[in-house]
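Below is one structure, written out as structure tokens; comments come after it.
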Amino acid sequence: MSERPILRLGTVKDVTHFQRHLHSLQLNIPCDSKLIHGPDSPFRVPLARGEIKIGNRIAVQPMEGWDGTPDGNPSEHTIRRWRRFGQSGAKLIWGGEAVAVSHEGRANPNQLVAAEHTRKGLEKLRGVLVEEHCRKTGSDDGLVIGLQLTHSGRYCRPNAHHKPEPRILYHHPVLDRKLGLAPDHPVLTDGEIGGIIEQFHRAAKMAFELGFEFVDVKHCHGYLGHEFLSAHTREGKYGGSFENRARFLREVVQGIRSNSAKMHIGVRFSAFDSVPFRPDPTLSANGKLGPGIPESQDNLIPYRWGFGVNSNDPTQMDLTETIRFLFLLEELDIPLVNITAGSPYYNPHIQRPALYPPSDGYQPPEDPLHGVALHMNVTRQLKEQFPNLIFVGTAYSYLQDFLPRVAQAAVRDGWTDLVGLGRMVLTYPEVLWDAMEGNEIQHKRICRTFSDCTTAPRKGLPSGCYPLDSYYKISALAEQLKIAKAGK
Ligand SMILES: Cc1cc2nc3c(=O)[nH]c(=O)nc-3n(C[C@H](O)[C@H](O)[C@H](O)COP(=O)(O)O)c2cc1C
Ligand code: SF4
């Protein structure tokens, strides 16, 4: 880790100082000096590929909810969140949030599930989003809404917050140890995988019937779809060669197309990765975890447990198979691609650059701007090579007050087609709408990457931005009151 302290972006006075700061870190991040509003705003340029017509360049990234009902229906908190997705003015809603294709595949016991008994609930979510979007923008022309379909694989926790129930595709020398898995922990059989694939087919059919324009077959962040891509050591038809590791995707797509030929498909995938990290024990003190360092890879070279990593030095990325995967997406006629990286479970600084780690995490091992630059530059490189695919870029929230200017430059210069907003949507959903319309940017609502939206759910509270969104302060208090009353 560099000796230089990380500069808090909230203290950077203006864009000139920010640009200088980027320069001093030798980071290639484009940043416009001025925001362009009105008809010339790059965010306003619509995008069309065949039947897909997206009205502007703003996208909302999926964000898992921890606030559904135990049977997988939305609660009032979930409905409010989706309303706010509509309020963002974004014309591409990528998934809303990860929706499990079965109860067993949930990442938490309050995650949404796509099933007959949740049909009305999911319909309602889409409905409130469209309603709010129309209120904000005047119409739903060019609004494209997808549902992110997921199975949580290694990170399943369907029944209780403190009870992991991992469903794995292969034994991982580091992650098995981190999760406390015994060497004989069962591996999903090919037959069980076939069953999961059918669940994706059923869920996508329902999404189509409910009017969602596309489904995302999630392949990121260490969940099941992503784990297939790194299943080098798995035997049988879903492991080993690239063809076998991508078989899951092909079979999911085949079934979706045969049920609902008109359903569009997208894929969000971790395009690059690294090894799992842990807090540096020599720098952890007084209850504060040290900065992240890579877990040891002694005796693990060539590394056979990653996707988008260099097998001779897995702390470094290698995009060879990433590019092969994008060729496959083209071949499968999947036009919507969302580039993300790593995993919140084993290298969160790569997946979501933040200044403050969640309470069970580690201090950032580098200035989080490095992570932002990496996401942006990889997306740029891939976009250049695949001009016909529609790319959504990720990891912009850490840019804070400078997000709109960086996003504007990235879209205008073709680094990405759309800018995807994650955490920023929880606190200030309409930030890019305001930039595009020339409304004053509300700096008090800017996400400061405090990570409470990750810490709170890990402690069993509903998902949301506790520091900046008063709604959650109030509902957290109400929750505490309820618990206190119940205890009397
Ligand atoms: C609370 C929370 C929940 C998330 N849930 C999901 C999810 O369900 N699916 C997904 O693909 N990514 C999920 N992510 C990752 C975000 O979509 C996004 O990639 C990440 O936050 C980085 O973007 P940002 O810098 O704009 O926040 C989640 C992130 C957060 C903070
Ligand atoms: S809790 Fe709020 S401020 Fe903190 S990272 Fe999440 S959205 Fe941003």
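The values are calculated or read from the model by the stated rules, or taken from the named source; none is laboratory data. Values in this document were obtained by computation on a predicted structure and should not be read as measured data. Note that each Cβ is placed from the backbone with ideal geometry, even for glycine, and that neighbours are counted across all protein chains shown. With ligands, DNA and RNA removed, areas are computed over all heavy atoms of the protein, side chains included. Shrake-Rupley method; radii C 1.70, N 1.55, O 1.52, S 1.80 Å.
Structure above, values below:
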{"quantity": "Only listed residue being at pLDDT 95 or above, more than 16 Å from ligand 2 (Cβ to nearest atom), of a type outside the set (Ser, Thr, Tyr) and open to solvent by less than 10 Å² (accessible area, probe 1.4 Å), chosen from PHE277, PHE242, PHE269", "calculated": "PHE269"}
{"quantity": "Residue that is farthest from ligand 2 (Cβ to nearest atom), among those in the range 410-454 that are among the hydroxyl-bearing types (Ser, Thr, Tyr) and more than 13 Å from PHE43 (Cβ to Cβ)", "calculated": "TYR428"}
{"quantity": "Single condition ASN299 does not satisfy, out of (1) under 30 Å from VAL99 (Cα atoms); (2) assigned to a loop (DSSP other than H, G, I, E, B); (3) open to solvent by 20 Å² or more (accessible area, probe 1.4 Å)", "calculated": "(1)"}
{"quantity": "Criterion: within 16 Å of ligand 2 (Cβ to nearest atom), part of a helix (DSSP H, G or I), touching a residue at least 40 places away in the same chain (Cβ under 8 Å) and touching a helix residue (DSSP H, G or I) at 6+ places or on another chain (Cβ under 8 Å) - qualifying residue of ARG119, ARG80", "calculated": "ARG80"}
{"quantity": "Condition met for ASN110 (under 19 Å from ALA410 (Cα atoms) and in a loop (DSSP other than H, G, I, E, B))", "calculated": "no"}
{"quantity": "Flag for ASN299 being farther than 19 Å from TRP94 by Cβ and among the polar types (S, T, N, Q)", "calculated": "yes"}
{"quantity": "Matching entry among LEU426, LEU461 (being open to solvent by 10 Å² or more (accessible area, probe 1.4 Å) and within 16 Å of the chain's Cα centre (by Cα))", "calculated": "LEU426"}
{"quantity": "Of residues in the range 17-72 being surrounded by 12 or more Cβ atoms within 10 Å (Cβ to Cβ) and of a type in the set (Gly, Ala, Ser), the one farthest from the chain's Cα centre (by Cα)", "calculated": "SER41"}
{"quantity": "Residues (of a type in the set (Ser, Thr, Tyr), in a loop (DSSP other than H, G, I, E, B) and open to solvent by 10 Å² or more (accessible area, probe 1.4 Å)) located in the range 305-363", "calculated": "SER311, TYR345, TYR346, TYR356, SER359, TYR362"}
{"quantity": "The one condition in (1) surrounded by fewer than 21 Cβ atoms within 10 Å (Cβ to Cβ); (2) more than 30 Å from PHE43 (Cβ to Cβ); (3) touching a Ser or Thr at 6+ places or on another chain (Cβ under 9 Å) that LYS136 fails to fulfil", "calculated": "(2)"}
{"quantity": "Residues within the range 164-190 that are without any contact (Cβ under 8 Å) to a residue 40 or more places away in the chain, within 27 Å of ILE293 (Cα to Cα) and open to solvent by 50 Å² or more (accessible area, probe 1.4 Å), tallied", "calculated": "5"}
{"quantity": "Of the criteria (1) out of contact with any strand residue (DSSP E or B) (no Cβ under 7 Å at 6 or more places or on another chain); (2) more than 14 Å from ligand 1 (Cβ to nearest atom), which one ASP452 fails", "calculated": "(2)"}
{"quantity": "Some residue of the range 437-444 being buried (at least 22 other Cβ atoms within 10 Å of the Cβ) and out of contact with any Leu (no Cβ under 9 Å at 6 or more places or on another chain)", "calculated": "no"}
{"quantity": "Members of the range 192-229 found to be part of a loop (DSSP other than H, G, I, E, B) and open to solvent by less than 10 Å² (accessible area, probe 1.4 Å), listed by number", "calculated": "PHE212, CYS220, GLY222"}
